[in-house]
Amino acid sequence: MSSQPAVDPLTDSLGRPLDDLRISVTDRCNFRCTFCMPADKRYDFLARREILSFEETTRLARIFVGLGVRKIRLTGGEPLLRAELPILIAALSTLDGVEDLALTSNAALLDRQAESLVEAGLHRVTVSLHALDPALFSRLSGLDVPIERVLNGLEAAQKAGLKPIKLNTVVIRGTNDHEIIPLARFAREQGHTLRYIEYMDVGTVNAWDPKGVFSAAEIIDLIDARWPLEALDPERRGEVASRWRYRDGGGEIGVISSVTQPFCGDCTRARLSAEGKVFTCLFGKVGHDLKTPLRDGESDAALADRIRSLWAARTDRYSEQRSVDLAQGRFQPSEKVEMFRIGG
Ligand code: SAM
Ligand code: SF4
Ligand code: SF4
């Protein structure tokens, strides 16, 4: 794998490079997390023919890599629901220039798939885990999923060599904030790197209320009082988590403060939905269709031009604007894509 920089580094209108690509491989999920995809709503999922094939996804990914992308993450919905995912991973792992190939999953199917994912060339996995208490975990999953399925998935991933594993925890005030310390203890004991995520107003179906946000600063204070922490410098531009190290050598944690300290100024991510639409922001309303021109026979160069123009014109800074609106008491929920359609 080469780490050559792009010949002509592409930056958006705010000077942000295109560095990361998140690829959603399905909009379906075997969970109905209350904060993402509540179980009491009905969802119109994409038909099979609407979803990009692995060949189409790989071709688009190759074009993105040619424009500067160095990190690719597969997500969903639940990516492990996509049949034969290792075939896609194997294809992506051969793209020259990809330095990091990762997957975000709820891990309920990971115990069966961890080994084949590693064999295919997956570098890293992030597992979402929002509670350790079995009853709370099941309730948050929306479908009474037993926590053992995730714990088995984590164990299988470790055995398959996907170490260290990152854990993602969305913290919601009054719902799972009492799990912050137990989850930190679990991650320390197991050697996982836990990242706490502030509860965000993604999509339109989760009835987000700013009162539910448990801030990154509060999370750090809480953990620091139990196991003293020290701040770590970012490893690279565009790193969304601010990282902290346990002073006793117990590993590190991260906090993602998208609501209380937004980081749009360093946002280097594009997202490709399962149906081949590009979103330049997690809170975008419309995606830019690449599937139609691709299926109509457009060349790689012409598809690259589309992406280049889109990125060059990018002005997104939703979370920074949200902060201003919240502070001024004029925040209004807006129409935006659901997170399970474009991943985290
Ligand atoms: N299904 C996979 C999973 O849960 O890991 C991948 C897709 S999921 C949409 C990606 C990430 O988004 C997960 O870590 C999830 O916890 C996070 N997420 C979902 N809803 C969220 C919300 N309202 N606020 C913050 N993060 C959220
Ligand atoms: Fe939960 Fe991920 Fe499924 Fe959303 S996509 S419901 S966060 S498991
Ligand atoms: Fe990036 Fe949009 Fe999130 Fe800002 S709100 S960090 S632009 S995805």
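The values are calculated or read from the model by the stated rules, or taken from the named source; none is laboratory data. Everything quoted here is computed from the prediction, not taken from an experiment. So basically every Cβ, Gly included, is an ideal-geometry build from the backbone, and we count neighbours across all protein chains shown. What goes into the accessible areas is simple: the full protein's heavy atoms, side chains included, and nothing from ligands, DNA or RNA. Shrake-Rupley method; radii C 1.70, N 1.55, O 1.52, S 1.80 Å.
Taken about its Cα centre, the stretch 83-196 carries a charge dipole of roughly 320 debye when the Cβ of each Lys and Arg holds +1 and the Cβ of each Asp and Glu holds -1. Placing a pseudo-label 7 Å from each Cα along the Cα-to-Cβ vector at ALA225 and LEU14 gives an inter-label distance of 3.4 nm. Listed by chain and number, the lysines placed with their C-alpha closer than 16 angstrom to that of LYS291 are LYS277; residues fewer than eight positions away on the same chain are left out. Taking all protein chains as they are arranged and a probe of 1.4 Å, the heavy atoms of ASP111 leave approximately 70 Å² accessible to solvent. Distant-in-sequence amide contacts of ILE197, defined by a placed amide H-H separation under 5 Å and a gap of 5 or more residues or a different chain, comprise THR169, VAL170, VAL171, ILE256. Using a 1.4 Å probe on the protein chains only, how many percent of the accessible area of the stretch 20-342 belongs to carbon and sulfur? Carbon with sulfur: 50 percent of the solvent-accessible area. Residues whose amide H comes within less than 5 Å of that of LEU143, counting only those at least five positions distant or on another chain, are ARG32 (H built at 1.01 Å from N in the peptide plane).
Reducing the stretch 218-232 and the stretch 24-63 to their Cα centroids gives an inter-centroid distance of 36 Å.
Could you tell me whether the stretch 68-123 comes out rounded, prolate or oblate from its Cα gyration tensor? Rule is a ≥ b ≥ c as square roots of the eigenvalues, rounded for a/c under 1.5, then prolate if a/b exceeds b/c, otherwise oblate. Prolate, because a/c is 1.5 or more and a/b exceeds b/c.
Rounded if a/c is under 1.5, else prolate if a/b beats b/c, else oblate: with a ≥ b ≥ c from the C-alpha gyration tensor eigenvalues square-rooted, which is the chain? Because its axes are fairly even, with a/c under 1.5, the chain counts as rounded. Relative to the dominant Cα principal axis of the chain, helix 318-327 is inclined by about 40°.
Farthest toward the positive end of the dipole of the stretch 20-342, out of TRP227, LEU272, TRP244, is the Cα of LEU272, where the dipole comes from beta carbon charges about the Cα centre.
Residues whose amide H lies under 5 Å from that of GLY97, counting only those 5 or more places away or on a different chain, are SER2; hydrogens are built 1.01 Å from N in the peptide plane. In the context of the full protein assembly, SER334 retains an accessible surface of approximately 50 Å², using a probe radius of 1.4 Å and ignoring ligands and nucleic acids.
Accessible surface ranking for TRP244, TRP311, 1.4 angstrom probe, highest first: TRP244, TRP311. Given +1 at the Cβ of Lys and Arg, -1 at the Cβ of Asp and Glu and no other charges, the dipole of the stretch 237-344 around its Cα centre is 180 debye to the nearest 20. Measuring only protein heavy atoms, the 1.4 Å probe finds PHE263 accessible over about 60 Å². Here the sum of -39500 (n - 2.57) over DSSP H runs of 4 or more residues, divided by the residues of the chain, equals -9000 deg cm²/dmol at 222 nm, to the nearest 500.
For a 23 Å ceiling on Cα separation, which of these pairs sit above it: LYS71/LYS163; LYS41/LYS71; LYS166/LYS285? Check vs 23 Å cut-off fails for LYS41/LYS71; LYS166/LYS285.
For the chain, what relative contact order do you get, as a whole percent, if you take Cα pairs closer than 8 Å and at least 6 residues apart? Before the final figure, lay out the partial values.
Details: 676 pairs, mean separation 76.9, N = 344.
So the answer I get is 22 percent.
Rounded to the nearest 20, the size of the Cβ-charge dipole of the chain about its Cα centre is 280 debye, with Lys and Arg at +1 and Asp and Glu at -1. Against the chain, whose longest principal axis is taken from its Cα atoms, helix 216-226 shows a tilt of about 40°. For the chain, taking a cut-off of 4.7 Å between Cβ atoms, the unpaired cysteines are CYS29, CYS264, CYS267, CYS281. Rounded to the nearest Hz, the phi-derived 3J(HN,Hα) couplings of the stretch 329-341 under the Karplus curve 6.51 cos²θ - 1.76 cosθ + 1.60 (θ = phi - 60°) are x, 10, 6, 10, x, 10, 6, 7, 5, 6, 5, 5, 8, where x marks glycine and proline.
Send over a whole-number figure in Å² for the accessible area per residue of the chain, probe 1.4 Å. Please list the in-between numbers first.
Working: 15030 Å² over 344 residues.
Value returned for the chain: 44 Å² of accessible area per residue.
Hey, what angle do you get for helix 110-120 against the long axis of the chain, alpha-carbon based, 0 to 90 degrees rounded to 10? Taking the Cα atoms of the chain, the angle to 110-120 is about 40 degrees.
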